[in-house]
1. Just to be sure, is residue 106 at pLDDT below 90 and either outside any loop (DSSP other than H, G, I, E, B) or surrounded by 15 or more Cβ atoms within 10 Å (Cβ to Cβ) (or both)?
2. Just name the residue that is farthest from residue 75 (Cα to Cα) out of those in the range 1-53 that are of a type in the set (Lys, Arg) and at pLDDT below 85.
3. Under the condition of being touching a strand residue (DSSP E or B) at 6+ places or on another chain (Cβ under 8 Å) and assigned to a loop (DSSP other than H, G, I, E, B), which residue from the range 40-86 is surrounded by the fewest Cβ atoms within 10 Å (Cβ to Cβ)?
Amino acid sequence: MVSSLEFDKEVLVVQPSKLPEKEQLTIIEIGLDDIDSASSFVSYLSEMYGFPKSSMWYDLRRLKEKGLVDFAAKGEKGKALRLTEKGIQIYKGFSAEKMKIINKFASKFIDEDSYSEY
């Protein structure tokens, strides 16, 4: 069976909901944040959401293979982490779902005692 990603890479159309939730979150965070390097971004997500760095690197590589993000490979310099044109289209497709996805993951790490002070 040929996946929709392999069928025609020139007219790739992926519905945001077809991506795993963590990949959706990654695309949203890349779109919202101004973090240039992939390693800094991985550290940010690890600190923000408690994900293991190895898991985030795996997800970033998968998104790169799908043509949704681009970043410098090991030893390559000067290439910032960014959404590709296809990635930007996915990001735009999230619209109102963005905050729901972020809140779903963030709620796992909120200390309710400190949160109630606000």
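1. On the way: at pLDDT below 90: yes; either outside any loop (DSSP other than H, G, I, E, B) or surrounded by 15 or more Cβ atoms within 10 Å (Cβ to Cβ) (or both): yes.
Yes.
2. To start, the set of residues in the range 1-53 that are of a type in the set (Lys, Arg) comprises 9, 18, 22, 53.
From the residues that got through so far, the ones that are at pLDDT below 85 too are 9, 18.
On the way: 9: 27, 18: 32 Å.
Only one residue tops the list, namely 18.
3. Start the filter on the range 40-86 by keeping residues that are touching a strand residue (DSSP E or B) at 6+ places or on another chain (Cβ under 8 Å), which leaves 60, 63-64, 68-71, 79, 81-84.
Narrowing the set further to residues that are assigned to a loop (DSSP other than H, G, I, E, B) leaves 68, 71, 79, 81, 84.
Working: 68: 26, 71: 20, 79: 13, 81: 20, 84: 16.
Within the range 40-86, the match that is surrounded by the fewest Cβ atoms within 10 Å (Cβ to Cβ) is 79.
The values are calculated or read from the model by the stated rules, or taken from the named source; none is laboratory data. Here the structure is a predicted model, which is why all the values come from computation and not from measurement. Please note: Cβ atoms are built from the backbone with ideal geometry, for glycine as well, and neighbour counts cover all protein chains shown.
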